[in-house]
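A.B. asks: One structure coming up, written as C-alpha cells, with questions to follow.
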Amino acid sequence: QVPLVESGGGLVQPGGSLRLSCAASTIIVNLYTMGWYRQAPGKQREMVASITAGGTTNYADSVKGRLTISRDNAKRTLYLQMNSLKPEDTAVYYCYVNRNGIVTWGQGTQVTVSS
C-alpha cells in the first residue's frame, strides 16, 4: 500500500487560489499516472485532473484554464494549483496513483469556496 497524504485544503473566497499537495513518500511520482478527483456533498466522485508518466495532462472541462496539475519527483509530490475558484469547486479532493491498474487513494482534503 502506498500512502498518499493530501494537504493544502481550506476555506477561500470566490476568485481566490489554493495549492493542494499530495505527498507520495514511497514512490517515484513520474513513473505512474497520478491525478485528482473530487466529491461534493450528494454528488458522485468526478475526475478533476491527471498526469501520465510521460507528462500528458488531462482536465475536466469545468476546470480547464483555472486548475493546473504538476509534480516534483525530487519531493515525491503531486500538486494541484487552483486559481479563480468558484463555489462549485467546493468538495473533498482526493489524489490517486495508478500503478499498472492498481489504484491507491489518499484520505482527501476539504476545499470550501465561499464568501
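A.B. asks: Could you compute the longest span of the chain free of trypsin sites (Lys or Arg not before Pro) located in DSSP loops and having at most 11 other Cβ atoms within 10 Å, not counting the site residues?
C.D. replies: Excluding the exposed sites themselves, the longest stretch runs over 65-115.
A.B. asks: By how many nm would the segment from residue 83 to residue 5 grow when fully extended, if each residue of separation counts as 0.36 nm and the alpha-carbon distance is taken off? Spell out each step's value before the answer.
C.D. replies: Numbers: separation 78, 0.36 × 78 = 28.08 nm, distance 2.15 nm.
Once the chain is fully extended between residue 83 and residue 5, it gains 25.9 nm.
A.B. asks: Per residue of the range 6-22, what does 6.51 cos²θ - 1.76 cosθ + 1.60 with θ = phi - 60° give for ³J(HN,Hα)? Whole Hz please, x for Gly and Pro, Karplus curve as stated.
C.D. replies: So the Karplus estimates, Gly and Pro as x, are 8, 7, x, x, x, 9, 9, 7, x, x, x, 10, 9, 10, 8, 10, 9 Hz.
A.B. asks: Given a Förster radius of 22 Å and the C-beta distance between residue 13 and residue 60 as r, what FRET efficiency does 1/(1 + (r/R0)^6) yield to the nearest 0.05?
C.D. replies: My answer for the efficiency is 0.50.
A.B. asks: Another one. Below 8 Å between Cα atoms, with a sequence gap of 6+, how large is the relative contact order for the chain in percent?
C.D. replies: RCO, the chain: 37 percent.
Readers should treat all values here as calculations from the given coordinates under stated rules, not as data from a laboratory. For clarity, every value in this text was computed on a predicted model and none was experimentally measured. A quick note on method: Cβ atoms are made from the backbone with ideal geometry, for glycine too, and the neighbour counts reach across all protein chains shown.
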